[in-house]
1. Quick one: how many residues across the stretch 30-60 are touching a helix residue (DSSP H, G or I) at 6+ places or on another chain (Cβ under 8 Å) and near the ligand (Cβ under 10 Å from one of its atoms)?
2. Does L13 satisfy being buried (at least 22 other Cβ atoms within 10 Å of the Cβ), more than 14 Å from the ligand (Cβ to nearest atom), in contact (Cβ under 8 Å) with a residue 12 or more places away in the chain and under 22 Å from R135 (Cα atoms)?
3. Residues that are more than 15 Å from the chain's Cα centre (by Cα): find the strands (runs of 3 or more DSSP E) completely inside the stretch 1-107 holding 3 or more of those.
4. Scan the stretch 164-199 residue by residue and report those that are away from the ligand (no atom under 12 Å from the Cβ), within 30 Å of D107 (Cβ to Cβ) and in contact with a His (Cβ under 6 Å, 6 or more places away or on another chain).
5. Residues in the stretch 82-104: is at least one among the small types (G, A, S), away from the ligand (no atom under 12 Å from the Cβ) and touching a helix residue (DSSP H, G or I) at 6+ places or on another chain (Cβ under 6 Å)?
6. Pick out the one residue from G158, G166 that is in a loop (DSSP other than H, G, I, E, B) and touching a helix residue (DSSP H, G or I) at 6+ places or on another chain (Cβ under 8 Å).
7. In contact (Cβ under 8 Å) with a residue 24 or more places away in the chain, at positive phi and not hydroxyl-bearing (S, T, Y): which single residue out of G247, G196, G224 fits that description?
8. Regarding K206, is this residue among the basic types (K, R) and either at pLDDT below 95 or more than 18 Å from V89 (Cα to Cα) (or both)?
Amino acid sequence: MTMFDDLKGKKILVTGSTAGIGLEAAKLLAGAGAKVAIHGSRSPEAAQSVLEQFTSDGEVAYFQADVCSSAECKDLVEAAADYLGGIDVLVNNAGGLGGRNGLESIDDDFFDKVVDLNIRSVVMVTKYAIPFLRRSAEESGETSSVISTGSIAAREGGGPGASLYGGSKAMVHNLHRNWVKEFTKDNIRFNTVAPGTIDTAFHEDKDQGTRDKISGTIAMGRFGTSEEVASAYVYLASHAMSGYVTGQVLDVNGGQMCP
Ligand code: NAP
């Protein structure tokens, strides 16, 4: 088996994989032969056109859940594990800005929305996936892997009105540091992918002037694409490629920030 066969038959749940970065990561993983549970909050009917984009050797199925709800996180993990026959790799990618509000405009509803979407989701999905990831490592003798999507905002604070978003993503980065201490004995690895400014629906509120201004702050002079971020997940999912890598943040940002 070569490094590139390593993901064949792996059982992988990718949250937030109906669009953007998660969709491209899921496509690459399925293309490498993994069986992938696709997830989003949209209805199964609305996800049909997403599933049609998977042409490869891998098998995929769609699961709907609102990851702002702990109960739905539990149901999602159980349904995905049932379909996959276990979980070898968990990608916690669902998340988002949730809107923009300066500090003086933050109310309880906005606070809960941003924190639930970016923190409750990662904590609860990972919590319910742990028994499956532990079993995967025990049975295979290899590491299992959790990859969460962090952000450049976790390192530099976030754009206007995104303090809670940036803070939430910083918490995601730091949760992993703790879980490395708790779960390395179980052979589960935890790594974060921190995208810079990636051209997805996330930036749809920005006019061309704002986009040009942001591009001027990026060493490569342009936004990244979801495809350019997706391969980082493949690397971190593979025991053969990254079996000794845990607790790291992999920045994919065109040189926008070099921490
Ligand atoms: P996107 O295109 O808007 O995709 C977001 C994905 O998350 C979709 O699949 C969406 O599914 C899912 N999702 C959102 N809210 C959900 C909920 N409550 N329950 C279940 N699923 C939900 O955005 P993206 O830019 O690819 O973002 C992916 C991740 O990267 C996010 O964690 C984001 O914070 C992070 N990130 C993005 C950038 C960037 O510049 N784009 C930079 C740094 C980090 P449905 O549409 O089906 O609900």
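1. Summing the residues that are touching a helix residue (DSSP H, G or I) at 6+ places or on another chain (Cβ under 8 Å) and near the ligand (Cβ under 10 Å from one of its atoms) in the stretch 30-60 gives 4.
2. On the way: buried (at least 22 other Cβ atoms within 10 Å of the Cβ): yes; more than 14 Å from the ligand (Cβ to nearest atom): no; in contact (Cβ under 8 Å) with a residue 12 or more places away in the chain: yes; under 22 Å from R135 (Cα atoms): yes.
For L13, the condition - buried (at least 22 other Cβ atoms within 10 Å of the Cβ), more than 14 Å from the ligand (Cβ to nearest atom), in contact (Cβ under 8 Å) with a residue 12 or more places away in the chain and under 22 Å from R135 (Cα atoms) - is not met.
3. Qualifying strands (runs of 3 or more DSSP E): 60-64.
4. Scanning the stretch 164-199 gives no hits.
5. yes
6. Details: G166 fails: in a loop (DSSP other than H, G, I, E, B).
Of G158, G166, the one residue that is in a loop (DSSP other than H, G, I, E, B) and touching a helix residue (DSSP H, G or I) at 6+ places or on another chain (Cβ under 8 Å) is G158.
7. Details: G196 fails: at positive phi; G224 fails: at positive phi.
From the options G247, G196, G224, the qualifying one is G247.
8. Numbers: among the basic types (K, R): yes; either at pLDDT below 95 or more than 18 Å from V89 (Cα to Cα) (or both): yes.
In short, yes.
The values are calculated or read from the model by the stated rules, or taken from the named source; none is laboratory data. If you're wondering where the values come from, they're calculated on a predicted model, not measured in any experiment. Positions of Cβ are generated from backbone atoms using ideal geometry, with glycine treated the same way; all protein chains shown enter the neighbour counts.
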